[in-house]
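Comments concern the structure below.
Each value in this text was obtained by applying a stated rule to the coordinates, not by laboratory testing. Remember, predicted model here, so these are calculated numbers, not experimental data. Positions of Cβ are backbone-derived with ideal geometry, glycine not excepted, and every protein chain shown enters the neighbour counts.
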Amino acid sequence: MRLAFIVDPLDSLKVTKDSSIAMMRAAQAAGHAVWAIQQSAIHWSPLHGVCAEAVHLEMLYDDARWCVELVRHVVPLRDFTAVLMRKDPPFDIEYITTCWLLERAEAEGARIFNRPAALRDHSEKLAILEFPQFIVPTEVARDETLLHTFIDMQHDCILKPLDGMGGSQVFRVRADDPNRNVIVETLTAGGQRTIMAQRYIPEISQGDKRILIIDGEVAPYCLARIPKAGETRGNLAAGGRGEARELTPRDREIAGALAPVLAARGLLIVGIDVIGDWLTEINVTSPTCMVEIADQTGFDTAGLVIAAVEKACIASAA
């Protein structure tokens, strides 16, 4: 199989923690050819349809030099056995445009995971609203009066933009916070941008758990991202510490309920976030934490992804 990975610039990937690199290594170990594509290289031409300059890589196991470029040339996406969309947010108009192009590639015969339409239509923050039985009290609005009323009712809240990642612009706001007005004004751009407010979950001190779901199968371990001292965000990008754990019964209940629904939509790789007993996000663009889980438990989630891709490609070819 020829597998192409749409990723951020290769020199920006962190080999010690990047799940896309883990997947590429797992693909090569399974005997597949690994190619990398940059989002900016994807285009449509009358000759090739949706295509991109692709780089054929040899994966290495040296953290100082994790790959070697073998050759690069423009390839129609339909010529790959499968394409894995792993570009990080921001989920902006360029991301949406890429999803549109990838949908056209699908129509031309390309197999793409996660499915572009599912990526385009799935808000990683708002998707939790489909499963209200698993979430804390939540408000989604840009009206500052509504948000302040919610803060007054809940007393202690988390406020965050709908398009961020890695804990960016996430604020904890108490009802008596002297900065609450300016925080709400800033996040909403003076009432022009919709944000999410959620009741604060004290169990964040025990970790923000990333649970991985691969083709409807819930991985048996999660990565609890524990905030550093003085922080309310557990994100590794915000300095959190990752601790692999077995799933709790509540974790399995939540993930088990979501898994078949999301898989049926073409979301092969999903990372849900659970704090305490509550679902907080459903990540589908570039879910991570596979490396840390493998290092601490030996469980190979990246290998599970490649096996799921193989299965899907065989099924679609039958």
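Numbers at a glance
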{"read-out": "Candidates R193, R25, R115, ranked by Gaussian network fluctuation over the chain, Cα under 10 Å, top entry", "value": "R193"}
{"read-out": "For the range 67-105 and the range 139-179, distance of Cα centres in Å", "value": "35"}
{"read-out": "Distance violations [Cα-Cα > 21 Å] among K160/K228; K125/K209; K14/K87; K125/K311; K160/K209", "value": "K125/K311"}
{"read-out": "P(r) tail fraction, the range 113-267 - alpha-carbon pairs more than 19 Å apart, %", "value": "60"}
{"read-out": "Helix-only CD estimate at 222 nm, as mean residue ellipticity for the chain, using -39500 (n - 2.57) per DSSP H run (n ≥ 4)", "value": "-9000 deg cm²/dmol"}
{"read-out": "Rule-of-thumb Rg ratio for the range 2-116 [Cα; 2.2 N^0.38 Å; N residues]", "value": "1.02"}
{"read-out": "The range 221-318: trypsin sites (Lys or Arg not before Pro) falling in loop per DSSP and having at most 12 other Cβ within 10 Å", "value": "K228"}
{"read-out": "Computed Rg/Rh of the range 203-283, alpha carbon atoms with Kirkwood Rh", "value": "0.99"}
{"read-out": "Kirkwood Rh and Cα Rg combined as Rg over Rh, evaluated for the range 137-200", "value": "0.91"}
{"read-out": "Hits among aspartates and glutamates - C-alpha to C-alpha of K17 under 12 Å, sequence gap 8 or more where chains match", "value": "D63, E292, D295"}
{"read-out": "Whole-angstrom gap from the range 203-241 to the range 1-56, using each part's C-alpha centre", "value": "26"}
